[in-house]
1. Scanning for something without any contact (Cβ under 8 Å) to a residue 12 or more places away in the chain and either small (Gly, Ala, Ser) or within 25 Å of VAL357 (Cα to Cα) (or both), does region 214-234 turn up at least one residue?
2. Listed residues ALA79, ALA54, ALA93; which is within 15 Å of ASP22 (Cα to Cα) and among the small types (Gly, Ala, Ser)?
3. Which ones in region 334-357 are among the hydroxyl-bearing types (Ser, Thr, Tyr), open to solvent by less than 10 Å² (accessible area, probe 1.4 Å) and under 17 Å from TYR370 (Cβ atoms)?
4. Of (1) touching a Pro at 6+ places or on another chain (Cβ under 7 Å); (2) within 18 Å of ASP354 (Cα to Cα); (3) more than 16 Å from the ligand (Cβ to nearest atom); (4) not basic (Lys, Arg), GLU177 satisfies all except one. Which?
5. Determine if region 184-194 includes at least one residue that is within 15 Å of the ligand (Cβ to nearest atom) and open to solvent by less than 10 Å² (accessible area, probe 1.4 Å).
6. Is one or more of the residues making up region 322-333 surrounded by 20 or more Cβ atoms within 10 Å (Cβ to Cβ), in the same structural domain as LEU232 (by TED's automatic domain parsing) and over 18 Å from GLY223 (Cβ atoms)?
7. Surrounded by fewer than 24 Cβ atoms within 10 Å (Cβ to Cβ), among the aliphatic types (A, V, I, L, M) and touching a strand residue (DSSP E or B) at 6+ places or on another chain (Cβ under 8 Å): does that describe VAL165?
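The values are calculated or read from the model by the stated rules, or taken from the named source; none is laboratory data. Everything quoted here is computed from the prediction, not taken from an experiment. Virtual Cβ from ideal backbone geometry, glycine too; neighbours counted across all protein chains shown. Please note that ligands, DNA and RNA were not included when accessible areas were found on the heavy atoms of the full protein model with its side chains. Shrake-Rupley method; radii C 1.70, N 1.55, O 1.52, S 1.80 Å.
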Amino acid sequence: MTIRYIDEIKDLSGKRIFLRVDFNVPLDANGNITDDTRIRAVLPTINYALDCNAKVIIASHLGRPKGEKNPKFSMAPAAIRLSRLLDKEITMAPDCIGNPAKKLVDAMKPGDVIMLENLRFYPGEEKNDAEFARSLAELCDIYVNDAFAVSHRAHASVEAITNFVPTIAAGFLMKNEMSFFEKAMQNPVHPLVAILGGSKVSGKIEVIDNLLNKVDKLIIGGGMAFTFLKALGYGIGKSLVEEPLLETALNTYNKAREKGVKIYLPVDCVVADRFDPAAEIKITPIQEIPNDWMALDIGPATVTLFSEALQNCKTIIWNGPMGVFEMDAFSRGTFAMVSAVANSYALTIVGGGDTDVAVHRAGEFAKISYISTGGGAFLELLEGKILPGIRVLEEKGHA
Ligand code: AMP
């Protein structure tokens, strides 16, 4: 089934569009936005709706107010930033449902923008409550979801609302996410390689299982590699390990080999005598990790190995850093891989919060084909799941 996008809806002029976005932006201690990527990401959809003379009602959550009104989590800073980016006045509604919101919406003229207050000020949002969803739906004629990063959540403004609005569509950010995902997973140009890193195997086992049916090569780095290495009989010192998953890791490794998927693990690493930026460090082959040291990054031989493995690939999917890149001493492996991926001649798709941060910090984001805005949502797509927010768009997004 396919999804209908906002540009396939005829005549938006004068219509009230409820636009679900993810403006869950990071704020500093004084409530200032420290990164507005999520706001910028939906500007094409907002601008399109405004060009069509629609009335745009923007709805999002921010932080975890746990179903209670809390000014600390107000959408007001996001409204101010959006106003600046659009160079347009935006009305901040004091609530997301009820009379105050309704009155403001009734007074809207075509081309106006309203920002609703935090959806998660009501417990009904996260409970996917039908009554709460109905109250949201009362504000609009058309529902547009451009919040890919929350599409894996069956929340009222993502799922239940679609039962109460006659016209449903997705925005352009969602269109980008879905089209790159399709290019990577449903219809990839081979060879396809997945690079997985991050701290743990748990939480990524379903991803690996699903990827083994799709990829030609699987590269495993980061903390999760050491559970695999231990399962294969290496002494890994005090490196991160998930003992209960040793057998699963071994089975996964063998399954990959049976399926003919080429699997790559680190051959050397940066070890430290403690988890500290000032720790003593050295580079060792994985056969020589000292008993009371821990591996916190991939080593230079591994970077060469992994980079060579990328050489003939046409599609690369990457989730999870290769080491503790937050500390300078253990960031080189991740940054070297960012550079290898960015300079490859493949279609490159990076997803997951940390990997995104690493790519930006390495200054290579412009050379990556697509950086997904969804952490959990991106991982769940890689697991082969159908996300609740996408499922309703597929089922109900038709004329
Ligand atoms: P995840 O949330 O599972 O994607 O993991 C991301 C985190 O993994 C980052 O904060 C990294 O610091 C951490 N990480 C990566 N490599 C290692 C390692 N070798 N040991 C411990 N933590 C690691």
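1. Initial filter on region 214-234 (without any contact (Cβ under 8 Å) to a residue 12 or more places away in the chain): 233.
This time we only want the ones that are either small (Gly, Ala, Ser) or within 25 Å of VAL357 (Cα to Cα) (or both), so: 233.
The answer is yes, given that some residue of region 214-234 is without any contact (Cβ under 8 Å) to a residue 12 or more places away in the chain and either small (Gly, Ala, Ser) or within 25 Å of VAL357 (Cα to Cα) (or both).
2. Details: ALA54 fails: within 15 Å of ASP22 (Cα to Cα); ALA93 fails: within 15 Å of ASP22 (Cα to Cα).
Exactly one of ALA79, ALA54, ALA93 is within 15 Å of ASP22 (Cα to Cα) and among the small types (Gly, Ala, Ser), namely ALA79.
3. Applying the first criterion (among the hydroxyl-bearing types (Ser, Thr, Tyr)) to region 334-357 yields 334, 339, 344-345, 348, 355.
If we keep only those that are open to solvent by less than 10 Å² (accessible area, probe 1.4 Å) as well, we get 334, 348, 355.
Correct list: THR348, THR355.
4. Single failed check for GLU177: (1).
5. From region 184-194, those within 15 Å of the ligand (Cβ to nearest atom) are 194; that's our starting set.
Checking the rest, the ones that are also open to solvent by less than 10 Å² (accessible area, probe 1.4 Å) come to 194.
Yes, region 184-194 has at least one match.
6. Filtering region 322-333 for residues surrounded by 20 or more Cβ atoms within 10 Å (Cβ to Cβ) gives 322-325, 330-331, 333.
With the extra rule that they be in the same structural domain as LEU232 (by TED's automatic domain parsing), the set shrinks to 322-325, 330-331, 333.
Next, only the ones that are over 18 Å from GLY223 (Cβ atoms) stay: none.
Within region 322-333 (the criterion being surrounded by 20 or more Cβ atoms within 10 Å (Cβ to Cβ), in the same structural domain as LEU232 (by TED's automatic domain parsing) and over 18 Å from GLY223 (Cβ atoms)), the answer is no, since none of the residues qualifies.
7. Working: surrounded by fewer than 24 Cβ atoms within 10 Å (Cβ to Cβ): yes; among the aliphatic types (A, V, I, L, M): yes; touching a strand residue (DSSP E or B) at 6+ places or on another chain (Cβ under 8 Å): yes.
When the stated conditions are applied, VAL165 passes them.
Condition check ((1) buried (at least 24 other Cβ atoms within 10 Å of the Cβ); (2) within 18 Å of PHE226 (Cα to Cα); (3) in contact with a Gly (Cβ under 6 Å, 6 or more places away or on another chain)) across all residues:
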residue	(1), (2), (3)
LEU265	no, yes, no
ILE281	no, yes, no
PRO285	no, yes, no
TRP293	no, yes, yes
GLN311	no, no, no
LYS314	no, no, no
ASN319	yes, yes, yes
